[in-house]
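Accompanying notes for the structure given below.
The values are calculated or read from the model by the stated rules, or taken from the named source; none is laboratory data. None of these values were measured; they are calculated from a predicted model. Glycine gets a Cβ as well: all are built from the backbone with ideal geometry, and neighbour counts include every protein chain shown. In case anyone asks, the SASA skips ligands and DNA or RNA and just uses the protein heavy atoms, side chains included. Shrake-Rupley method; radii C 1.70, N 1.55, O 1.52, S 1.80 Å.
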Amino acid sequence: MKYLLNGESSERLLFRKLKQNHFNDWLPFHKDPRSSEFWDGLPTDPIVACKQQFNRAFERYQYNLGGMNALISKKTNKLIGLCGLLVQTVDDIDELEIGYSILPKYWRKGYATEAAVKCKEYAFKHNFTDSLISIIHIDNIPSQKVAIANGMHLSKTTSYCNNPVHIYRVFK
């Protein structure tokens, strides 16, 4: 579990390992059509989509490919979102990505940026890599703003999982 931030914290967030009991709290993410409006190829049934996401997260944990952390509010002890360091292969190159998703009711409150910055600091502090990426659909402006706020710059545009994406990058 090299890349997990389990036990870490930021100003407002606790980073915890994602667990099966987070499923019902995360399900509203998949029930809101805005959450997947930019990404083609996801299941349309929210329960199936959530199960698929959780299965992938647990698979990443098992094979040391990083993974999403549950973001828990220090103030309310409620799940706010998911964020983590993920081993990804983009254009046949293995990269370490900062991935982030926030429950829609917490959008535009700075949580994604706060969590992404913490992931960047953690990865560089532990010398996991000399650069980090975020894979963002070309039409997903809010996520691009998070990447920019995290000090990232557009590195290239490519295709990932049959979606047109921008690869944002930050160097150590």
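Below is a table of values for the structure above.
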quantity: Complete set of residues in segment 124-172 that are of a type in the set (A, V, I, L, M) and assigned to a loop (DSSP other than H, G, I, E, B); calculated: ILE138, MET152
quantity: Conditions (1) open to solvent by less than 40 Å² (accessible area, probe 1.4 Å); (2) in a helix (DSSP H, G or I); (3) not acidic (Asp, Glu): number failed by LEU71; calculated: (2)
quantity: Conditions (1) of a type outside the set (D, E, K, R); (2) over 18 Å from PHE38 (Cα atoms); (3) free of Cβ contacts under 8 Å to residues at least 60 places away in the same chain; (4) in contact with a Ser or Thr (Cβ under 6 Å, 6 or more places away or on another chain); number of the one not met by ILE136; calculated: (2)
quantity: Residue within segment 110-119 that is buried (at least 19 other Cβ atoms within 10 Å of the Cβ) and of a type in the set (D, E, K, R) present; calculated: yes
quantity: Residue count, segment 1-24 (criterion: open to solvent by 80 Å² or more (accessible area, probe 1.4 Å) and closer than 15 Å to PHE54 by Cα); calculated: 5
quantity: Scope segment 1-46; condition touching a Leu at 6+ places or on another chain (Cβ under 7 Å) and assigned to a helix (DSSP H, G or I); matching residues; calculated: HIS22, ASP25, TRP26, PRO28, PHE29, SER36, PRO46
